[in-house]
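The structure appears below as structure tokens.
The values are calculated or read from the model by the stated rules, or taken from the named source; none is laboratory data. Worth saying up front: this structure is predicted, and the values here are computed from it rather than measured. Please note: Cβ atoms are built from the backbone with ideal geometry, for glycine as well, and neighbour counts cover all protein chains shown.
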Amino acid sequence: MQTMRTMQAMQAMNVMKTMKSVISVILFLFCLICRSQTTFVFSDSAVLARLSRDVHILASDSFAGRKSGSPGEQKAYQYITRAFQEAGLKPYSGADSSFLQSFPIESIRIPGDSNTLEIEGWQNPLIVQHDFSPTAYSANGRADGNKYLLVDLAQFRVSRENRKGGIRLSLRQVLRNAFRQGNSAVILYNERKLNGSEADSLYDRLNVSPEKGMVISVSTDIAAFLQQHPGVNLSIAVDIKRPGIICQNVVGFINNEAPTTVIIGAHYDHIGKNLQGKVFHGADDNASGTAVMMELARFLKQSGDRSNNYLFIAFSGEEEGLVGSGYFVKHTWNSTQTFNFMVNLDMVGRLGCESNVVTIFGTGSSPMWKKTYKETVHPAFRLSKMHGIHSFSDHLAFYNHGIPIISLTTGFHYDYHTTRDDASTINYTGMVDITRYLQGLLHNISSNGQAGFHKVSGWYNFSANFKIVIKGIDHLLSAGSDD
């Protein structure tokens, strides 16, 4: 009898131990879940603080301009991944069950090991990417002698007083004319100290095919020497590699088990550094859009709005020709998933820089948009609605796939693609206003059901592209020196 009681007591103790172990495991898992997802406060001051922090970090010197495929891009996508995890997002199944989607960029060109420049009468050794740099327009090879053309890039800028006059000749035309006339090399410089990789960032925006001769950029000191010694002999060797750099989109998912999914995207890459090592911080272009996207992810995860699933994509490769967004659409499209619409955020940090206007492109891409825009208040700014679709940001691939788009921007400014585009120039209160507007817009769209797609006529798209091109030329070419 005593033995039986002892056995029963031991069994009871074993059951208690098992229950304690199960409870411990449950508590551990609960703690992991709590630790991986942060609860956020959404007061204006809290949102402003997070937006400011995100922009300052993404646009910091340590991120080195976030050029696609660079260590700075890696720091940026790691930071965005952590933000998605803290917000409680999960990897999207199409991105290899991780937050990262790898893709190659073949068009990126980097200097090889055999770039040299020798100038008759110049005493000191000339250092690549300091004194001179090959440009993406150059063929690989050698050029020797005194048959070359010296070109000041400043002539391709349009002064603010003469901006309506346009550009007489494009750089491409000048290069082709030079080689047709028998020159074996074209040497670029700029009196405003714009040269090297900065010249590429201005004129090599997409895939640039090389010319038949050598095209290099040089410092203003070397340009002055060549001007003072016309006909001096040069020896130029250009070695440009196309390594097929691997870049990363960052993709996070809120799965509400809804029948449709909304895509919210922003590119996080920028253009890196110049020859002197100065960083193109890209605070407005596009740390601002990335920060607003991450803030919307935090909000929508906690909002309780389950009318749509939400797919957040931080694109890389935008500055190289919309490569990341194009890759996502081509390689990750889930035919079983119904996509409702796509929101693109590109340069949303300079509200009030020139006017208190937020421009929305693609208002004609869904019959629902007109009603929704009327219903959504925006007391802090004026809304400029463009019916058409422009071709210069990541919404394009989605629109071409039959997805309605909403593309927001506060527009170009004279710091665009200069080293002056840093975190100190951003209107963070304006970013809060834009974030609030988007929260209301998304809510109203959800209340109205699924957005239908409408193909915008060619004239409206031409108008949208024309506006972007004219504004871009005006601001980019009138930007002046970074000094």
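A few notes on this one:
- From F225, F299, residue being at negative phi, in contact (Cβ under 8 Å) with a residue 24 or more places away in the chain and in the same structural domain as L126 (by TED's automatic domain parsing): F225
- Residue selection: S384 satisfies the criterion of being farther than 19 Å from I271 by Cβ, hydroxyl-bearing (S, T, Y) and either in contact with a Cys (Cβ under 8 Å, 6 or more places away or on another chain) or not in a helix (DSSP H, G or I) (or both).
- Set F84, F132, F63, F99: member being surrounded by 20 or more Cβ atoms within 10 Å (Cβ to Cβ), outside the structural domain of L311 (by TED's automatic domain parsing) and in contact with a strand residue (DSSP E or B) (Cβ under 9 Å, 6 or more places away or on another chain): F132
- Those residues of the range 394-434 which are at positive phi and buried (at least 20 other Cβ atoms within 10 Å of the Cβ), in sequence order: G411, H417
The rows are residues; the columns are (1) assigned to a loop (DSSP other than H, G, I, E, B); (2) at pLDDT 95 or above; (3) at positive phi.
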position: N344; (1), (2), (3): no, yes, no
position: V348; (1), (2), (3): yes, yes, no
position: L351; (1), (2), (3): yes, yes, no
position: F392; (1), (2), (3): yes, no, no
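- Residue satisfying all of: in the range 205-220; over 19 Å from L149 (Cβ atoms) and not hydroxyl-bearing (S, T, Y); modelled with the highest pLDDT among these: N207
- All conditions in (1) surrounded by 15 or more Cβ atoms within 10 Å (Cβ to Cβ); (2) under 30 Å from T39 (Cα atoms) hold for Y148, with the sole exception of (2).
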